[in-house]
1. Based on C-alpha coordinates, I'd like the Rg and Dmax of the range 168-321, in Å.
2. How long is the gain from residue 493 to residue 368 if the chain were fully straight, where each residue apart is worth 0.36 nm and the alpha carbon distance is subtracted?
3. Under a 5 Å amide H to amide H cut-off, with H placed in plane at 1.01 Å, what residues pair with residue 304 once short-range neighbours are removed?
4. Quick one: 288, 466, fewest Cβ neighbours within 10 Å first, how do they rank?
5. Reported to two decimal places, what Rg/Rh ratio describes the range 259-365 when computed on Cα atoms with Rh from the Kirkwood expression?
6. Report the residues of the range 243-280 in range of a label on residue 205: point 7 Å along Cα→C-beta, backbone N strictly under 19 Å from it.
7. Give the Rg/Rh ratio for the range 245-287, taking Rg as the radius of gyration of the Cα atoms and Rh as the Kirkwood radius, to two decimals.
8. Just order 101-109, 263-271, 278-286, 411-419 by mean Cβ neighbour count inside 10 Å, highest at the front, would you?
Amino acid sequence: MKYHFAILTALGLLGLFCACSMQTVSSSPAKNGRVILSATGAQKPGTVARVSKPAKSAATKRLGAATRSSHVIRSLARDIGVGSITTMTYAVTDMGPSGSGPAGGGTIDPNNPFVDLYLTPNENYRIVVSLGINATAPGYFAGVTAYGDQADFLVDPAYDTYVDLTVHPNQAVVFDPASVVSGSSSTVQMHNPTATPSLFASALTVQPADRFFYGADARLYYFNKFSNSVYHWTNINSPMSGTDAVITGAIVAGLTGRSAPAISAACADPTTADTIWLVGSENSGANWWYYQITNASSTPALADSYEFTSDITSSGLLPNVVVTGVAVDSTYSDVYVTYYSSDGSSTVHTGVLQYYGDSLEYYSIQNTVTTSDPTASIFTDVVWDQGKAWVLLSPYTSWASASITHNTGTAEVQTYDDFLNPIQTYPASAPYSHTGPSALAILTTGATQLILPNRIAGPVQGSTLWISQADFAATTISSEKTSSMNLDNGAVTTY
């Protein structure tokens, strides 16, 4: 059964179709400040149909102004049947400016998912929809404990305001790839709840770039940089083996007809089931590509590939380029790539490249900084969650191959909309140095090296963001930390 539920406001209609990305749009004059909230699940495996993207304008924001663009409803690939749902709830919070606090909430009948509410025009709100699940739900044995999504929106008195959600796994166990123990068997530290399950049946080499991530259809993937592979972990109660690799550099080469890439980053498509995006360098790092691979767990197919070498090496820093993350948004299938590079001396280039239709967006972020700047940062990860791009900004660290030994800078989390308009910074940043921690409480390993907040671990779970931290430039794990950050007050717990 596919679920469609609507939250109707007297000053706006919120319509949700069960499943996770947020877009706020306005397209026609409103009737009493109409608000429409809709949500979808993952599409069936295959190529994502691109949505027509409007030009960036000053009105393109998540909060404070409504965008005027197209609205798209997608179909569910996997239905969460009534028998798989233990609870279905919603909660609305008034975010101001005239007031703040709870503005409604309660249970939703999965058989008749419809709720009426009254909201105030010109007021910012947050809507959170949560589904509790049992063992028959997709992803249950992969560590998923709940589905849902949330979005912040403004009740526009002059235009109909639409908000898209894609209900996805929004509560799951958090894996710390840097905790993997190599030996006769490989175990991985798991948080929330805490446990140490077996990851691989044999020894495994771990690097700071490794990561775990969930697809919108609740598949759990593990990217291991050393083996140049992405694995599909179907049941966390049983260890994986080499046969669980669904994408390898060799498989990509077979699809492209070119040389096998060295994969630097991987993520799941936010709307299409069993689809993975990769960034890799071909020909010993001379050529940089991103790839979209559909049907990854069965019969992989190349849906898209694009070479962006000139965009990332235009400064002439090709030998020292490091791609740190890749993400894809659920609104327009924009591709985001974070990177940094060095001239081997004092100049650092870092940024967030954004592509739509395999074309670099002009508002991509590309910064040139120097290691003498005590507040400058490098970009070390990007994910798409809760309708926005989450980017980690990190201080410099030791990097022997490029002679970067600077150990100050800022570390923070920045969110952007799908036009790279900044939305919010977590927390208020402070410069790092080896003599004192910053607001993110990342610890030093000594006088000359910092642990970077370099990986976002797992989905953003309500108001909690998990970060896996290690020296990103290192080739092996020597010291690492995992932290959880409260997005409401910036408080950080380090494990």
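Just so you know, all these numbers are worked out from the coordinates, no wet-lab data involved. These numbers come from a predicted model, not from an experiment. All Cβ positions, glycine included, derive from the backbone under ideal geometry; neighbour counts span all protein chains shown.
1. 15.9, 47
2. 41.8 nm
3. Amide H neighbours of residue 304, under 5 Å, 5+ apart: 292.
4. The order, fewest Cβ neighbours first, is 466, 288.
5. Dividing the radius of gyration by the Kirkwood radius yields 0.98.
6. 243-251, 260-266, 280
7. Dividing the radius of gyration by the Kirkwood radius yields 0.99.
8. 263-271, 411-419, 278-286, 101-109
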